[in-house]
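Quick one: structure below, then a few questions.
The values are calculated or read from the model by the stated rules, or taken from the named source; none is laboratory data. Nothing here was measured: the structure is a model prediction, and the numbers come from that model. Here Cβ is always computed from backbone atoms with ideal geometry, including for glycine, and neighbour counts include all displayed protein chains.
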Amino acid sequence: MTHFLKDLSRSRAGLFGFVLLVVIVALALLAPLLDLPDPTRGDLRARLAGPTWQGLFSPGAHPLGTDEVGRDILSRLIHGSRMTLMVASTAVVLGGIVGTVLGILAGYKGGFIDRLLMRLVDIQLAIPLMLLALLVVAALGPSIRNVVLVLALTSWIRYARIIRAQVLSLREREFVQSARAIGASTARIMFLHILPNVLTPALVVGTLELARVIIMDAALSFLGLGVQPPTPSWGRMLADGRVYLSSAWWTVTFPGLAIVLTVLSVNLFGDWLRDYFDPKTRSAK
Amino acid sequence: MTITTGKITMTLSKLLTTTAAATMMALPAFAMDVTIAQTSAVNTLDPHGSASVGLDLSVLSHIYPTLILRAPDYSLQPSLATDWEAVDDNTWKFTLTEGATFANGEPLDAETVAWNIARVTDAENPKRISSWFSQIDGVNVISPTEFEITTSSPYPALPAQLSMFMLLPPEWASEHDPVTETMSGFKYQMTEYVPGDHITLSPNPDFWGEAAQFDSVTFRVIPETASRVAALMAGEVDLINKVPASEIARIEESPNATAGAVDSTRSVFIKFNTEKAPLDNKAFRQALNYAVDKELIADALFDGLATVSNCQVMTPDYFGYNPDLEAYPYDPERARELLEESGVDLSQTIEFELPAATYLQGEEVTQAVAQMFGDVGVKTEIQTMEFGAYLDKYRAAHDLGRLSLLGQAWATIDADGLLTLFKPGNQYSYWNDEAFDEQLVAGIATTDPEEREAAYKKATEIMCEEAPVVFLYAQPATFGASTRVTYEGRGDDWLRAFDMSPAD
């Protein structure tokens, strides 16, 4: 752990991403404890009020302004981050589990299973992911569960490809050969010997996937296929506010910034994480 | 012999109109190009293939003639028909302009009108607008400029309906596809068509009436509201509509443009599916009407530009409008009492369907109403859906959610039409009230205006009391126009260059 932090503190970009991510996650987790206005209730009389720093700590203050039905944008941003992070991380973990298991299976077993799974991956890669997501959500109906499912569906292929490649080299290594020699079952080898060795690449893929999935989630809810109003979500806030883009810039600027900063922090941290776990770049330092 | 005389008269009058048109065009005051922004692209060029007044029909109304034109003040004005009258309950007689022709020389006479009506009433080959004319029995051509339309039952709204009915040239249509090509018979002709992007029109030099005012008219597609407003303020377009109410003041500040709003004929309400519990409960339906602060919505969301409905779905422009009704006051206490009285289980969550991007600020209104319902203890869950998907549920599947946001208007601006959408047995109704049905039947049994008005007065009273909807407001018809033109706005959906004129 100390080595991890020491290495992190040496990378400015990695540290920046890490700190930003910690702040965003902490805000999301602590949202119910913060004394924020209800993100789903608005005051129509106070709609489209601009950001103001006056009386910041008084109860009726809207530091980032209000949206088109008079809801506090700061509160919606913070509560929206819960939804975004929850949806994105669930989808990435779900996709990760499926992708890793199938990747190990394909890599270790080879033969027909490998060919079948990799052709499935090829087929899915040939379909634009956004189109696939739109089709599935349109068919199943918009709900949080369906969005998580569809995002996981677009995510497993990357894990499967990378894990399979790792397994192809791992299965020729001595420790796997010796496990096989003493008669360990295939399942035992796959999950006790190989799995621990592919967790690191899976983690790296996971962080990079997280950034992609956050953007896709925002896009889906921008198109009205994500969570339903009045539940706050960043993409939806962008969509609803864009009508007022030129007269009430705060309705789209802040959700846009939130998406950019979150994705940036995840990407910076993910990049660093990849370098950190990659023996080649580490020994080069 | 008669035929020869007719031909001479025709040639003469054609010569006269051509000369007149040429003189008009020479005037420099008319040398002006205008651009009109539309929210989506035209679907078809066949005027019988679309019922979308605000989109396809608006563009085509520059190219094809109608018998009657509806002016911005909703009055019916002569166009190809110079005169029309109800001969008896089931017969209308029309007189046509003499010597009118299409640009290819085909005559615009009674036979042409008869051919067009036959085209849309052909049961073998129905068109999108065929249902408008289901009551028509036949057309009786008296002379090239006179004909009668007979109907199976009294059809007082026929002239209004004909103001949306455009005429195609029969011979041309037999050799060309009207869906993709046009042949002018009115003020403008199409000179350029880039599907999905723009349509450019230029004056029709052979037009038989008052010549076009602009050198060219371009319809440009700009779906995004913010982009339409920006284009207007930058001087790129001259006319836009569907502007959010709060943007009007901002447009007014710009030196290039003005903006405004008029009451539209479209009434927005929360439609109840009274065929499903608990919306079959009258006390519950009334409670929801008391629960909504209509004034606040009109003032805050629409800057006071929307007019709160007085307990009916018709606006004052409709025939059959009842001026004596009063809106349910905003009274959450009364709403809670009625909810208690109704005995409805309030722990349930009721679906609230919202057709996306369909009504002006519809998303905002829905969320505001849902919050007001929540305040009196009625839990709702908003379900956004594509307008097409909503329409499928509403019309084809007949499976509307228990609550949904809906805005309805009827182009003939007559109670016969708009109220028919609530008639028992109608696919759109979701409310089966026999007493209401009786009054609607009485309303179309005659063409006598007083008897009809009396029937609709009773019908609207019943509807107010029974509350098959939460009556909300008349959607404001908002618009923005450049200072190069004068435009007063209109509350039906027509978007026409000839409603504008060059500013002095």
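Scan the stretch B:242-283 residue by residue and report those that are within 14 Å of another protein chain (Cβ to nearest Cβ) and of a type in the set (A, V, I, L, M). Full working, then the answer.
Keep residues of the stretch B:242-283 that are within 14 Å of another protein chain (Cβ to nearest Cβ), which gives B:242-254, B:257, B:259.
B:Val243, B:Ala245, B:Ile248, B:Ala249, B:Ile251, B:Ala257, B:Ala259, listed by residue number.
Sticking with this structure for a sec: Would you call B:Glu333 in a helix (DSSP H, G or I), away from chain A (no Cβ under 11 Å), modelled with pLDDT under 95 and surrounded by fewer than 21 Cβ atoms within 10 Å (Cβ to Cβ)? So that I can check it myself, show each step before the final result.
On the way: in a helix (DSSP H, G or I): yes; away from chain A (no Cβ under 11 Å): yes; modelled with pLDDT under 95: no; surrounded by fewer than 21 Cβ atoms within 10 Å (Cβ to Cβ): yes.
Against the criterion (in a helix (DSSP H, G or I), away from chain A (no Cβ under 11 Å), modelled with pLDDT under 95 and surrounded by fewer than 21 Cβ atoms within 10 Å (Cβ to Cβ)), B:Glu333 does not qualify.
Scan (1) of a type outside the set (Asp, Glu); (2) more than 14 Å from chain B (Cβ to nearest Cβ); (3) part of a loop (DSSP other than H, G, I, E, B) for the single condition A:Val69 breaks and write down its number.
Result: A:Val69 passes all but (2).
Oh, and also: For B:Phe387, only one of the following conditions fails: (1) crowded, with 16+ Cβ neighbours inside 10 Å; (2) within 12 Å of another protein chain (Cβ to nearest Cβ); (3) in contact with a Ser or Thr (Cβ under 8 Å, 6 or more places away or on another chain). What is its number?
Among (1) crowded, with 16+ Cβ neighbours inside 10 Å; (2) within 12 Å of another protein chain (Cβ to nearest Cβ); (3) in contact with a Ser or Thr (Cβ under 8 Å, 6 or more places away or on another chain), B:Phe387 violates only (1).
Say whether the condition of being closer than 26 Å to A:Ile215 by Cβ, touching a Pro at 6+ places or on another chain (Cβ under 6 Å) and at pLDDT 90 or above is met by at least one residue in the stretch A:99-107.
Checked the stretch A:99-107: no residue is closer than 26 Å to A:Ile215 by Cβ, touching a Pro at 6+ places or on another chain (Cβ under 6 Å) and at pLDDT 90 or above.
With the structure loaded, tell me whether A:Arg282 is at pLDDT below 85, more than 21 Å from the chain's Cα centre (by Cα) and at negative phi or whether it fails that test.
yes
I've got another one for you. Could you go through the stretch B:419-430 and let me know if any residue there is free of Cβ contacts under 8 Å to residues at least 60 places away in the same chain and among the aromatic types (Phe, Trp, Tyr).
The answer is yes, given that some residue of the stretch B:419-430 is free of Cβ contacts under 8 Å to residues at least 60 places away in the same chain and among the aromatic types (Phe, Trp, Tyr).
Within the group A:Leu195, A:Leu151, A:Leu225, which residue is more than 14 Å from chain B (Cβ to nearest Cβ), among the aliphatic types (A, V, I, L, M) and in contact with a helix residue (DSSP H, G or I) (Cβ under 6 Å, 6 or more places away or on another chain)?
Values: A:Leu195 fails: in contact with a helix residue (DSSP H, G or I) (Cβ under 6 Å, 6 or more places away or on another chain); A:Leu225 fails: more than 14 Å from chain B (Cβ to nearest Cβ).
The conditions single out A:Leu151.
Quick one: which residue in B:Thr82, B:Thr101, B:Thr112, B:Thr121 is over 22 Å from the mean Cα position of the chain (by Cα), polar (S, T, N, Q) and surrounded by fewer than 20 Cβ atoms within 10 Å (Cβ to Cβ)? Write out each step before concluding.
Values: B:Thr101 fails: surrounded by fewer than 20 Cβ atoms within 10 Å (Cβ to Cβ); B:Thr112 fails: surrounded by fewer than 20 Cβ atoms within 10 Å (Cβ to Cβ); B:Thr121 fails: over 22 Å from the mean Cα position of the chain (by Cα).
Of the residues listed, the single one that is over 22 Å from the mean Cα position of the chain (by Cα), polar (S, T, N, Q) and surrounded by fewer than 20 Cβ atoms within 10 Å (Cβ to Cβ) is B:Thr82.
Please enumerate the residues belonging to the stretch B:263-305 that are of a type in the set (A, V, I, L, M, F, W, C) and either closer than 15 Å to B:Leu403 by Cβ or not assigned by TED's automatic domain parsing to the domain that holds B:Lys379 (or both). Before the answer, list the steps.
Going through the stretch B:263-305, the residues of a type in the set (A, V, I, L, M, F, W, C) turn out to be B:268-270, B:272, B:277, B:279, B:283-284, B:287-288, B:291-292, B:296-298, B:300-302, B:305.
Of everything in the stretch B:263-305, those that are of a type in the set (A, V, I, L, M, F, W, C) and either closer than 15 Å to B:Leu403 by Cβ or not assigned by TED's automatic domain parsing to the domain that holds B:Lys379 (or both) turn out to be B:Val268, B:Phe269, B:Ile270, B:Phe272, B:Ala277, B:Leu279, B:Phe284, B:Ala287, B:Leu288, B:Ala291, B:Val292.
Just name the residue that is surrounded by the most Cβ atoms within 10 Å (Cβ to Cβ) out of those in the stretch B:217-231 that are within 25 Å of the chain's Cα centre (by Cα) and more than 11 Å from chain A (Cβ to nearest Cβ).
As a first pass, look at the stretch B:217-231 and keep what is within 25 Å of the chain's Cα centre (by Cα): B:217-229.
Retained after the next criterion (residues that are more than 11 Å from chain A (Cβ to nearest Cβ)): B:217-223.
Numbers: B:Val217: 28, B:Thr218: 19, B:Phe219: 25, B:Arg220: 19, B:Val221: 17, B:Ile222: 21, B:Pro223: 12.
Among them, the one singled out is B:Val217.
Quick one: which helices (runs of 4 or more DSSP H) lie wholly within the stretch B:356-446 and hold at least 3 residues that are touching an Asp or Glu at 6+ places or on another chain (Cβ under 7 Å) and of a type outside the set (Ser, Thr, Tyr)?
Numbers: elements: B:362-375, B:387-391, B:415-418, B:434-443.
Hits in the stretch B:356-446: B:362-375.
Then there's this: Kindly evaluate A:Leu195 against the criterion of being within 23 Å of the chain's Cα centre (by Cα) and crowded, with 20+ Cβ neighbours inside 10 Å.
Working: within 23 Å of the chain's Cα centre (by Cα): yes; crowded, with 20+ Cβ neighbours inside 10 Å: no.
No: the conditions fail for A:Leu195.
Condition check ((1) more than 30 Å from B:His198 (Cβ to Cβ); (2) at pLDDT 95 or above; (3) buried (at least 17 other Cβ atoms within 10 Å of the Cβ)) across all residues:
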site: B:Leu60; (1), (2), (3): no, yes, yes
site: B:Pro72; (1), (2), (3): no, no, no
site: B:Pro126; (1), (2), (3): yes, no, no
site: B:Ile129; (1), (2), (3): no, no, yes
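Same structure again: Within the bounds of the stretch B:471-491, is there any residue that is in contact with a strand residue (DSSP E or B) (Cβ under 9 Å, 6 or more places away or on another chain), acidic (Asp, Glu) and assigned to a loop (DSSP other than H, G, I, E, B)?
From the stretch B:471-491, those in contact with a strand residue (DSSP E or B) (Cβ under 9 Å, 6 or more places away or on another chain) are B:471-491; that's our starting set.
Filter again for acidic (Asp, Glu), leaving B:488.
Now restrict to residues that are assigned to a loop (DSSP other than H, G, I, E, B): B:488.
Yes; the residues of the stretch B:471-491 include at least one that is in contact with a strand residue (DSSP E or B) (Cβ under 9 Å, 6 or more places away or on another chain), acidic (Asp, Glu) and assigned to a loop (DSSP other than H, G, I, E, B).
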